[in-house]
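All remarks here apply to the structure that follows.
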Amino acid sequence: MNKNDYNLTDKKISLYSMSGYGTATGTIDSWEIRVELRSLNLKNLEIFSRLAPALYPLENVIRDTIRNTINRGKIFVNIDIVFVETGSKMLSRHLPSWKDIYCTLSKFKNELSIKGKITLQNIIDLKDFWYEKEKLDHISIDREVLKTVTLKTLDDAMKNMIEMKLTEGSILAIDILRYLDNIEKSIKFIAKNALKITHHAETRLKNLLKRQKIEKNFDKSRLEYDIALLIDKSDISEEIDRLNSHAYQFRNTLINKNPVGKELNFITQEMMRELNTISAKSDIMSITKHAISARVELEKIREQVQNIE
């Protein structure tokens, strides 16, 4: 079946991948609040943040905001406050020259009796230090304004990331539905031919007795009991019923619920258990072949489900 055969809008599927990326920028006077979000696979939710020092008091609020929107995954949030230089170049006149930095480093080197040469990287690092210090010294943003703009920018970045997660989730849903269709076809074949297992088991027992030439002398009631016991052990009707139930639950969960990752993972485990039981009970080649085929498709689903929120 072609991917285009699936109309996700009609099926009302809103599946979110755990992989996503989103950015946004907010402005306060000559300053920009730049937010970058990345999301990776993880069983639970973990948030790793790197914030500009001025935003340290907002760290818990930022984490709670993300936690209220994202359910699973490893989330990396990076928020910087960047000065946007204007025509006046208000900071440049405060910065020391390269020569001043070199002289300062030379003075420290002599006073502290430090061996080694002063490198260009040393000068660049110190230049960056002075630049960051000057920027921080000139930040005069109202705390409430900073909080409002930061959270609004964070919200915009999360919307962008969620949009990407939804796009990737839709692609995952297409593949998962195709795999599930193949599994359901195998289940139908197995259900249609399930009686062959019990008939084959019964015939096998009778042939065994004939070869041992004791069928005529064998207690008929004991024979019936053994056949009934063998039929019960080889019966797969309960496994088929549970497989059909799990497949329906899987599809219903995929369409109507969110987040679904953990629940879908549990259902795939239950389906794999039933298919393993059928494979163990069956000695009919065609049934075993379809059970193995369904397990292969289910393994593909399991791999995709690991990336679903």
note = The rounded separation in angstrom of the Cα centers of region 34-56 and region 257-299 is 37
task = Hey, can you grab everything whose amide H is under 5 Å from the amide H of Trp31? Only 5+ residues off in sequence or another chain; H modelled, so Pro and N-termini drop out.
result = Val84
inquiry  = Checking the table Lys196/Lys300; Lys188/Lys289; Lys165/Lys185 against a 20 Å threshold on Cα-Cα, which pairs fail?
reply    = Lys196/Lys300; Lys165/Lys185
ask   = Among Met285, Met161, Met272, what is the fewest-to-most ranking by other Cβ atoms within 10 Å?
value = Met285, Met272, Met161
request  = Collect residues whose amide H, placed 1.01 Å from N in the peptide plane, falls under 5 Å from the amide H of Asn41; neighbours closer than 5 in sequence don't count.
outcome  = Lys74
inquiry  = Need one number: nm distance between label points at Asn207 and Thr277, each 7 Å from Cα along Cα→Cβ, rounded to one decimal.
reply    = 2.8
ask   = What nm distance separates the two modelled labels at Arg302 and Val84, each placed 7 Å from Cα along Cα→Cβ?
value = 5.2
Stretchable slack from Asn44 to Ser293, in nm (0.36 nm times residue separation minus alpha-carbon distance) = 86.5 nm
query = Amide H of Tyr16: which non-local residues (sequence gap of 5 or more, or other chain) have their own amide H closer than 5 Å, using H built in the peptide plane?
reply = Glu309
³J(HN,Hα), Karplus 6.51/-1.76/1.60, whole Hz, each residue of region 294-309, x for Gly, Pro = 5, 5, 5, 5, 5, 5, 5, 5, 4, 5, 5, 5, 4, 9, 9, 6
query = Nearest 0.05, what FRET efficiency do Asp64 and Ile171 give at R0 = 35 Å with Cβ-Cβ as r?
reply = 0.70
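Where does the charge balance sit around Leu243 when Lys and Arg score +1, Asp and Glu -1, over other residues with C-beta under 11 Å from its C-beta?
-3
Since every read-out is calculated from the coordinates, none of them should be taken as a lab result. Owing to the predicted nature of the structure, the values given are computational and were not obtained by experimental measurement. Using ideal geometry, Cβ is built from the backbone for each residue, glycine included, and neighbour counts are taken over all protein chains shown.
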